[in-house]
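Read through the structure below, which is laid out as structure tokens, and then see the notes.
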Amino acid sequence: MERRVGIIGAGISGLLACKYVLEKGFQPIVFESQPGLGGVWTHTIETTKLQTPKQAYEFSDYPWPSSVKEDFPDHNQVMEYIESYALHFNLLPYVKFNTKVININYLVQEGQDMLSWSHWGGTDQAFSNPKGKWEIATVTGQEHQVHEVEFVILCMGRFSGVPKIPDFPPNKGPDAFLNGKVIHSMDYSAMDDSDAATFVRGKRVVVVGHSKSALDFANECAIANGVANPCTLVYRNARWNIPDYFPYGVFLGYLYLNRFSEHLLHKPGDGVLLSLLATLLSPLRWAGSKFVESYIKSKFPLRKYNLVPEHSFLKEISSCSIALAPEKFYDRVEEGSIICQKSKGFGFYKDGLIFDNDERAPLQTDAVIIATGYKGDEKLKNIFQSPTFQNYIMGSSLPTISLYRECIHPRIPQLAVIGYSESVANLYTSEMRCQWLAHFLDDGFKLPSIEKMEKNVLEWENFIKRYSGQYYRHSCIGATHIWYNDQLCKDMGCNPKRKKGFYAELFEPYGPMDYANLTPGNN
């Protein structure tokens, strides 16, 4: 029987999913709304570069070309690398470009009561219901089609589609800003370089937010306008942006990306001994965070400009929020071409911004770029036609998407989500998940009962809440990516310990090449 797999999105996760299910003999069909590959990399600003060293952002079976010398390639080099990967593995014939997915709908066998299922899909296997299929409604230009597949993989990402806009007091929203223009970072990133430069050049620009993208936008505006028209960065909470990956000469991976560092955390499912060890080592956990924070403050004038975060660096990395500070960003703060202004809230008036409970005068401006992120969970919800599945994917009271192994919703059959949950290096995390998923589709293992999966999900979400603090909304494996990969390896029957020797296994950082040639069943 032909087993067709519908993949929504041709970014990195979508290409990896296509490659690995194809290797298992399935028939993938990839739906991409844009005219090309690359996902978020297709719409970036001119100065965007890779945030992690390229050695950590690499396909395990397709290394970066020797011609790329930089540790942090720019967005054009990343796009070339992604396109080269797709060509090398002949993935383009399986991609339908300029094809937008309107919704997906699960066709269940008549008379079947899904609520009575004790196992995923009724049996715990990927293609458990021979009559269960998904309909994928698409539009290409003016042509509407419905495609029928046996399995769906959602690879839509979190950083596109549905912009996240702050709530504003009555009559103080963007409509009140009569003498200027307000756009979301999504629209600014979608501009070509010349249009983006025209939008900010010679204008008083405000950027709202303190994420990596917000800092990039502010830096680009400062480059265009200098001190004559400084860019104002308005933010609620400061974040730890690192100058480099070597605090005081120590590679950050030795502090946070090895097995020993993960023993400092109370991980889901840890027994009494490991929990006791994490408690005893808690002073080291605190010291490591302070060590990095001290280094960042020694490099950047955070205190001078009220930019010291209120949370620890551990919470930053646990929520996958760390990023390299843009080149010369703090030099521009010092020279006055970037002005940082902290505020609990703000609204608009006809000439700019007014601040909540603040004695500061209104801020006159010409343009505002809102860089406060995206509603990735809402984008996932909207793809489903069924209100039942919409409620399942959003959850009832939990603030994160409930996914077993960060891939499978326990109550949505014959469907997986890849790329929603982040890590410090998203490419190789997506590759691990796609290998795990392809092995599952090929009957390599079975899922636990729905009850056990939901219990596992709850344990994981309690862990995220404990170590991510106010960034609990983010699904992230930043501080436990080795432990997480261990679970995937064990499911597949692979040896999770990928290093040679006790010292290397405990203290050396893990990266993509440690999982190269991963052979299920090879212990």
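The values are calculated or read from the model by the stated rules, or taken from the named source; none is laboratory data. The model shown is predicted, which means the values in this text are computed figures rather than measured ones. Neighbour counts are summed over all protein chains in view; Cβ atoms, including those assigned to glycine, are modelled from backbone coordinates with ideal geometry. With ligands, DNA and RNA removed, areas are computed over all heavy atoms of the protein, side chains included. Shrake-Rupley method; radii C 1.70, N 1.55, O 1.52, S 1.80 Å.
Below, the figures for the structure above:
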{"quantity": "Volume of the Cα convex hull of the range 44-95, divided per residue and given in Å³", "calculated": "90 Å³"}
{"quantity": "The chain: angle of helix 481-492 to the longest principal axis, Cα-based, in degrees nearest 10", "calculated": "20 degrees"}
{"quantity": "As computed over the range 405-444, the Cα convex hull volume per residue (Å³)", "calculated": "64 Å³"}
{"quantity": "Built amide H within the under 5 Å cut-off of SER475, gap 5+", "calculated": "GLU422"}
{"quantity": "Derived scalar couplings ³J(HN,Hα) [the range 46-60; Karplus, 6.51 cos²θ - 1.76 cosθ + 1.60; whole Hz; x for Gly, Pro]", "calculated": "4, 8, 5, 10, 4, 8, 10, x, 4, 5, 9, 10, 8, 5, 5"}
{"quantity": "Cα centroid separation - the range 393-463 against the range 148-179, whole Å", "calculated": "24 Å"}
{"quantity": "Dipole-positive endmost among PRO93, PRO166, SER282 within the chain (Cβ charges, Cα centre)", "calculated": "SER282"}
{"quantity": "Rg/Rg_globular for the range 281-341, with Rg_globular taken as 2.2 N^0.38 Å and Rg from C-alpha atoms", "calculated": "1.25"}
{"quantity": "Dipole magnitude of the range 263-362 about its Cα centre (Cβ charges: Lys, Arg +1; Asp, Glu -1), debye to nearest 20", "calculated": "220 debye"}
{"quantity": "Given charges at Cβ of Lys, Arg, Asp, Glu: the range 342-395 dipole, positive-most of GLN385, PHE346, ALA367", "calculated": "GLN385"}
{"quantity": "For the range 161-173, Karplus couplings with θ = phi - 60° (6.51, -1.76, 1.60), whole Hz, Gly/Pro x", "calculated": "x, 10, x, 9, 10, x, 7, 10, x, x, 6, 10, x"}
{"quantity": "Mean projected area in nm² (Cα convex hull; one quarter of hull surface) for the chain", "calculated": "25.9 nm²"}
{"quantity": "Within the chain: Cβ-based charge dipole about Cα centre, in debye rounded to nearest 20 (Lys, Arg +1; Asp, Glu -1)", "calculated": "1100 debye"}
{"quantity": "Fraction of antiparallel bridges per DSSP, the chain only, in percent to nearest 5", "calculated": "40 percent"}
{"quantity": "The range 1-95, relative contact order [Cα under 8 Å, separation at least 6], %", "calculated": "31 percent"}
{"quantity": "Bins of 10 Å from zero: percent of alpha-carbon pairs in the range 188-238", "calculated": "28, 55, 17, 0"}
{"quantity": "Relative packing of peptides 373-383, 496-506, 87-97, 479-489 - highest average C-beta neighbours within 10 Å first", "calculated": "479-489, 373-383, 87-97, 496-506"}
{"quantity": "In order through the range 413-427: 3J(HN,Hα) via Karplus (6.51 cos²θ - 1.76 cosθ + 1.60), integer Hz, x for Gly, Pro", "calculated": "x, 6, 8, 9, 10, 10, x, 6, 7, 8, 8, 5, 10, 5, 4"}
{"quantity": "Where GluC sites (Glu not before Pro) fall in DSSP loop in the range 29-93, at most 13 other Cβ within 10 Å", "calculated": "GLU70"}
{"quantity": "Amide hydrogen neighbours beyond the local backbone of LYS96, cut-off 5 Å, H modeled", "calculated": "VAL30, PHE31, GLU32"}
{"quantity": "5 Å-binned pair-distance histogram of the range 381-458 (Cα, whole percent)", "calculated": "3, 14, 24, 25, 20, 12, 2"}
{"quantity": "Principal axis dimensions, largest first and in whole angstrom, of the range 298-375 by Cα", "calculated": "40, 34, 23"}
{"quantity": "Per residue accessible area of the range 299-432, 1.4 Å probe, in Å²", "calculated": "38 Å²"}
{"quantity": "Carbon + sulfur, % of accessible area of the chain - ligands and nucleic acids excluded, 1.4 Å", "calculated": "51 percent"}
{"quantity": "Cα Rg, Dmax, the range 116-210, angstrom units", "calculated": "22.3, 63"}
{"quantity": "Heavy-atom accessible area ranking, 1.4 Å probe, most first, across TYR392, TYR85", "calculated": "TYR392, TYR85"}
{"quantity": "Positive-end extreme of charge dipole, the chain - chosen from GLN487, ILE183, ILE408 (charges on Cβ)", "calculated": "GLN487"}
{"quantity": "Angle in degrees between helix 75-88 and the longest Cα principal axis of the chain, rounded to the nearest 10", "calculated": "20 degrees"}
{"quantity": "Whole-Å distance, taken between Cα centres, linking the range 224-299 and the range 1-51", "calculated": "31 Å"}
{"quantity": "Helix 12-23 axis, angle to the chain major axis (alpha carbon atoms, nearest 10°)", "calculated": "20 degrees"}
{"quantity": "Kirkwood Rh and Cα Rg combined as Rg over Rh, evaluated for the range 1-150", "calculated": "1.06"}
{"quantity": "Estimated dipole of the range 16-80 in Debye, rounded to 20 [Cβ of Lys and Arg +1, of Asp and Glu -1, Cα centre]", "calculated": "140 debye"}
{"quantity": "Bins of 10 Å from zero: percent of alpha-carbon pairs in the range 1-87", "calculated": "16, 45, 29, 9, 1"}
{"quantity": "Whole-number percent relative contact order across the range 148-245, with pairs defined as alpha carbons under 8 Å at least 6 apart", "calculated": "21 percent"}
{"quantity": "Helix-only CD estimate at 222 nm, as mean residue ellipticity for the chain, using -39500 (n - 2.57) per DSSP H run (n ≥ 4)", "calculated": "-9500 deg cm²/dmol"}
{"quantity": "The range 188-274 - convex hull of alpha carbons, volume per residue in Å³", "calculated": "166 Å³"}
{"quantity": "Relative contact order %, the chain, counting alpha carbon pairs below 8 Å whose residues are six or more apart", "calculated": "22 percent"}
{"quantity": "Placed amide H near PHE59: partners under 5 Å, 5+ positions off or other chain", "calculated": "none"}
{"quantity": "Chymotrypsin sites (Phe, Trp or Tyr not before Pro) within the range 213-311, DSSP loop, no more than 10 other Cβ atoms inside 10 Å", "calculated": "none"}
